[in-house]
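All of the numbers you see were taken from the coordinates with simple rules; none came from a lab. What you see is a predicted model, and the numbers here were worked out from it, not measured in a lab. Note that we place each Cβ from the backbone using ideal geometry, even for glycine, and neighbour counts take in every protein chain shown.
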């Protein structure tokens, strides 16, 4: 299985970012996260770019989270908690780079947007999806880890706390029609029409005042992320737990984890 890549295409004021690892449902590797961060930093310096789109390759998934195999290298006990802290901080920094882009951003979702993929899509300003798309963070069923307070705040801002609790405490996967009704999605489109829908949305966004868009985006980002509580203790508790290590190995072995609460 390849390590995948994140690609950037610039054309006529639109930056198109592609998550390219279709054989693994575009699950993100450390290298791909690094490439995504580098692309976002570059886009900060591209004044001619008026809209950025984010899309998974292959039509089956947007991004199906982080590649679970990489968690096998995390330490045990307190060491595992420290690995988890580093991971969550890296994720927060990457998601913050997407949020901080000065131009409007659009996630184009075809299929699964779960875990880290949901965080990436939720960091975008708008989301369009195909009817078969699915959204969630089923880590209470799979890994037994947790999200940072920053990512919880971001999800609550776009989904509302009740649905975030369903995704995290019940491991619910939310269907596209409910995501549309919740306001999470701007539009649903048949697969064969989604390219045209995205092109029309980009054209509409590029016709509007970029300074207004930039100021509004930054003001709303500050509202969501200001005065975030400390969460190192919660992250250490989860990533340093026996349950997390059991969850990682069970997921890799395609078995069900036995949760012990320690």
Between helix 194-206 and the chain, what is the angle of the helix's C-alpha long axis to the longest principal axis, kept within 0 to 90° and rounded to the nearest 10? 70 degrees
For a protection proxy built on the mean count of beta-carbon atoms within 10 angstrom, sort 4-15, 28-39 highest first, please. 28-39, 4-15
Please tell me the relative contact order of the chain in percent, rounded to the nearest whole number, where contacts are Cα pairs under 8 Å and at least six residues apart. 21 percent
Rounded, prolate or oblate: which fits segment 43-88 when a ≥ b ≥ c are the square roots of the eigenvalues of the alpha-carbon gyration tensor, with rounded for a/c under 1.5 and prolate only if a/b beats b/c? oblate
Taking every eigenvalue of the Cα gyration tensor of segment 72-175, multiplying by 5 and rooting it, what semi-axes result, largest first, whole Å? 24, 18, 12
Pull up the DSSP beta bridges for segment 5-190 and report the antiparallel fraction as a percent, rounded to 5. 30 percent
Quick one: if the Förster radius is 45 Å, what FRET efficiency do residue 90 and residue 208 give, using the C-beta to C-beta distance and rounding to 0.05? 0.85
For segment 16-46 and segment 78-97, what is the separation of their Cα centres, given in Å? 17 Å
Rounded, prolate or oblate: which one fits segment 187-255, using the alpha carbon gyration tensor with axes a ≥ b ≥ c (rounded when a/c is under 1.5, else prolate when a/b beats b/c, else oblate)? oblate
Can you tell me, using C-alpha contacts under 8 Å and at least 6 residues apart, the relative contact order of segment 1-146 as a whole percent? 23 percent
Residue 182 versus residue 79: modelled label distance in nm, points set 7 Å from Cα along the beta carbon direction: 3.8 nm
Give the peptides 84-90, 231-237, 109-115, 177-183 in descending order of average Cβ contacts within 10 Å, highest first. 109-115, 84-90, 231-237, 177-183
Any chance you could list P(r) for segment 110-262, counting all Cα-Cα pairs in 5 angstrom bins from zero, rounded to whole %? 2, 8, 15, 18, 18, 15, 12, 7, 4, 2, 1, 0
Helix 77-99 sits off the longest principal axis of the Cα atoms of the chain, rounded to the nearest 10 on a 0 to 90 degree scale, by 10 degrees
For n ≥ 4 DSSP H runs only, could you compute -39500 (n - 2.57) per run for the chain, divide by its residues and tell me the 222 nm figure to the nearest 500? -14000 deg cm²/dmol
So, in nm, how far is label residue 31 from label residue 200 when the simple model puts each one 7 Å beyond its Cα toward the Cβ? 3.9 nm
